[in-house]
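Inspection log for the structure reproduced underneath, given as structure tokens.
The values are calculated or read from the model by the stated rules, or taken from the named source; none is laboratory data. Owing to the predicted nature of the structure, the values given are computational and were not obtained by experimental measurement. Cβ sites come from the backbone with ideal geometry, for glycine too, and all protein chains shown count toward neighbours. Side chains are part of the model used for accessible areas, which takes the heavy atoms of the whole protein and leaves out ligands, DNA and RNA. Shrake-Rupley method; radii C 1.70, N 1.55, O 1.52, S 1.80 Å.
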Amino acid sequence: MDKRIQRARRADRAMTGIFYGIAAFFFALLLAFTGKVIIGGLMGASPEMFAFARQGAIGNQLFNTVYLVFISLLVSVPLGVFAGIYLAMYAKPGLFTRFLRICIETLSSLPSIVVGLFGYLVFLVFMGMGKSLLAGALSISILTLPLITTTTEDAIKGLPAGYFQAGMGMGSTRWQAIFHVLLPACIPRIMTGVILAAGRGFGEAAALLYTTGSGSSLRWGNWDITSPTSPLNVLRPAETLSIQIWNLQTNAQDAALANLASAVLLLLVLLFNIGANAWSRHINRKNSGEKA
Amino acid sequence: MLKTKFEIEHLNLHYGSFHALKNISMKIPANEITAFIGPSGCGKSTFLKTLNRMNDLEENVTIDGTVRMDEKDIYSEMDAITLRHDVGMVFQQPNPFPKSVYDNVAYGPRIFGIRKKSQLDEIVERSLRQAAIWNELKDRLKKSALGLSGGQQQRLCIARTLAIQPKVILMDEPTSALDPISTSKIEDLAMELKKDYTIIIVTHNMQQAARISDKTAFFLLGEAIEYGKTEDIFARPQDKRTENYITGRFG
Ligand SMILES: Nc1ncnc2c1ncn2[C@@H]1O[C@H](COP(=O)(O)OP(=O)(O)O)[C@@H](O)[C@H]1O
Ligand SMILES: [Mg+2]
């Protein structure tokens, strides 16, 4: 009897040790990797590489990356949230809903190179757009739409049933209860989906290869959005950091600049994640009443 | 003379093929507290929800018979949204929205289109006072309602319902998740509110029904077995099954 408990205790301690070991291993791996990329990238950089210039710098690419992700979220977040609401609150079980779910699952597991090709065919060949930031952003939207849809659906389904009942019980319409009660309550969780989607967008290269091109000649101060050198023009080719890294490694062989671009890309993703997490925790705390 | 608020005639309700309410007929008076008692699963909540058409949200529900409120058929002559403005509901689990105390109470008025700050302030204060919780909450109107105790949450939910100025308040076991002190506060509140509202309360607590209600209906397996003045039901039950239940011989 005693022996059995002792054995169980030993096994428990051993397993605890193993779990801590694995956690420590991942932490060390992450630290070593980010440390190497960020420190290595920044150490090998020269000041002019940070400029917003046509060549030999990363400023314009950094801007393109952020702008492209922003445009892509502008499309995928509303669409994905609406689709998620539809699936959680309106869809009746049946053939159409099943079909829709299969589509979303398929979409979420498509390799990004295929989505890029699809974007190329639809936006460039079929719709006649040039290689452009918009075509790239829309391709990223296709990639991230399923993620935002499923996060929203899960978030709504995970809420206490009482919220919806209370809303309806006060004479709200279905949409009022969804929009004024359920959706605000879901924002922290939807934010998680948006963070993941943005992270995917920041790092994506394959889907952008055929769609955005490699433009980096911007004239800062040119705010005429129809001009091909205006930073705000979405119909101009736009090299992002990830494409730049790829270009530098395959064509120009400028390792120092590529390393800096990697470091900045990693920092961008880290800062974005930390910021978005802090914001979503703040909302969560506010909702749950710990804070005024 | 007491006015009749609800007149229910030959009401039957099915969940799919399950016959949940069996041929119920009764008149529920205005400005009184009517209690529904009976063992769990007998259809009290189901019956309560037919009075503000919350059953409409469920699938596979079929209802026949008539329910009239103030002589209007609520299923054929009113739409569910308008009906629910007049018939508010308080649920078993306190379910404040994850919003501030103020925004909880202002929710109803806002969806009816009231936007003016001064008007909303006034409604929020009046509703919280009516629910006897203004003094406790007046300094934390901007804090989340989820930080309140269960009893406070439930009174907040009552205030939230009062803010839409209903005529009827349905309460489904509103105190079953609360401690005795919070329970007696809600009971006092219900007795205070019946001056201005019609209150229908489901309870599995017979002492509660005896303490606060004017009329009591006893349900069993989807049937309304006996309905009458509360003191009669408890002192001189006519049906053997009612007597067995209130004397605790089953249930
Ligand atoms: N949505 C539903 N679908 C199917 N059956 C239900 C549903 N809601 C309640 N029931 C059944 O109807 C009966 C009455 O339930 P309910 O009204 O909740 O009882 P009570 O409130 O008296 O405990 C129970 O047998 C319950 O299982
Ligand atoms: Mg019930």
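Of note:
- DSSP assigns beta bridges within the protein assembly as shown; of those with both partners inside it, close to 60 percent run antiparallel.
- Distance between the range B:222-251 and the range A:242-267 - C-alpha centres, whole angstrom: 82 Å
- Rounded tilt (10° steps) of B:150-162 against the dominant C-alpha axis of chain B: 90 degrees
- Look at the alpha carbon pairs under 8 Å that are at least 6 residues apart: their mean separation over the length of the range B:4-246 gives a relative contact order of 28 percent.
- Using a simple spin-label model with pseudo-atoms 7 Å out from Cα toward Cβ, A:TRP279 and A:PHE52 lie 2.1 nm apart.
- One compactness figure for the range B:136-251 is 1.22, namely its Cα radius of gyration divided by 2.2 N^0.38 Å.
- Over the range A:1-43: Kirkwood hydrodynamic radius from C-alpha pairwise inverse distances, Å: 12.7 Å
- Convex hull volume of the Cα atoms of the range A:25-91, normalised per residue: 115 Å³.
- Radius, Kirkwood style, for chain A when every pair of distinct Cα atoms is counted (Å): 21.9 Å
- In this structure, the amide hydrogen of B:VAL90, modeled 1.01 Å from its nitrogen in the peptide plane, lies closer than 5 angstrom to those of B:LEU170, B:MET171, B:ASP172, counting only residues at least 5 positions away or on a different chain.
- Alpha-carbon centroid distance for the pair the range B:146-221 / the range A:172-186, whole angstrom: 26 Å
- Surface exposure of the range A:1-43, expressed per residue as accessible area with a 1.4 Å probe, stands at 91 Å².
- Of A:LYS286/B:LYS194; A:LYS157/B:LYS167; B:LYS117/B:LYS143; B:LYS27/B:LYS49; B:LYS142/B:LYS195, pairs whose Cα-Cα distance is over 25 Å: A:LYS286/B:LYS194; A:LYS157/B:LYS167; B:LYS142/B:LYS195
- Between amide H atoms placed 1.01 Å from N, distances below 5 Å from A:TRP220 occur with no residue 5 or more places distant or on a separate chain.
- The range A:221-239-the range A:1-66 distance, computed between alpha-carbon centres (Å): 36 Å
- Relative contact order for the range B:73-164, counting Cα pairs under 8 Å that sit 6 or more residues apart, in percent: 46 percent
- Note on the range B:1-80: with charges restricted to the Cβ of Lys and Arg (+1) and Asp and Glu (-1), its dipole about the Cα centre is near 340 debye.
- Computed from the C-beta positions of A:ALA24 and A:LEU196, the FRET efficiency with R₀ = 22 Å rounds to 0.30.
- The mean number of partner chain beta-carbon atoms within 10 angstrom of a residue's beta-carbon across peptide A:161-167 is 6.
- Amide H within-cut-off set for B:PHE36, under 5 Å, with H built and near neighbours excluded: B:ILE201, B:VAL202, B:THR203, B:ALA217
- The convex hull defined by the C-alpha atoms of the range B:4-246 has an orientation-averaged projected area of 12.9 nm².
- Within the range B:30-133: Cβ-based charge dipole about Cα centre, in debye rounded to nearest 20 (Lys, Arg +1; Asp, Glu -1): 520 debye
- Alpha-carbon spread of the protein assembly as shown, three principal axes, descending order, Å: 98, 72, 50
- Couplings 3J(HN,Hα) for the range A:259-273, derived from phi with the Karplus relation 6.51 cos²θ - 1.76 cosθ + 1.60 (θ = phi - 60°), are 5, 5, 4, 4, 4, 5, 4, 5, 4, 4, 5, 4, 5, 4, 4 Hz, where x marks Gly and Pro.
- The 1.4 Å probe gives accessible areas that order B:GLU58, A:GLU239, largest first, as B:GLU58, A:GLU239.
- For the range B:57-104, the fraction of alpha-carbon pairs lying more than 17 Å apart is 57 percent, rounded to a whole number.
- For the range A:114-219: span of alpha carbons on each principal axis (Å, largest first): 56, 32, 25
- Quarter of Cα convex hull surface for the range A:6-130, i.e. mean projection, nm²: 15.5 nm²
- Selection from B:ILE74, B:THR198, A:GLY136, by position along the positive dipole direction of the protein assembly as shown (Cβ): A:GLY136
- Calculated P(r) tail over 14 Å for the range B:6-46, as whole % of Cα pairs: 56 percent
- Each residue of the range A:195-208 was assigned a 3J(HN,Hα) from its phi angle through the Karplus expression (A = 6.51, B = -1.76, C = 1.60, θ = phi - 60°), giving 4, 4, 4, 5, x, 4, x, 4, x, 5, 10, 4, 6, 9 Hz with x at Gly and Pro.
- Taking the accessible area of the protein assembly as shown, probe 1.4 Å, and keeping the other protein chains in place, the carbon and sulfur fraction comes to 60%.
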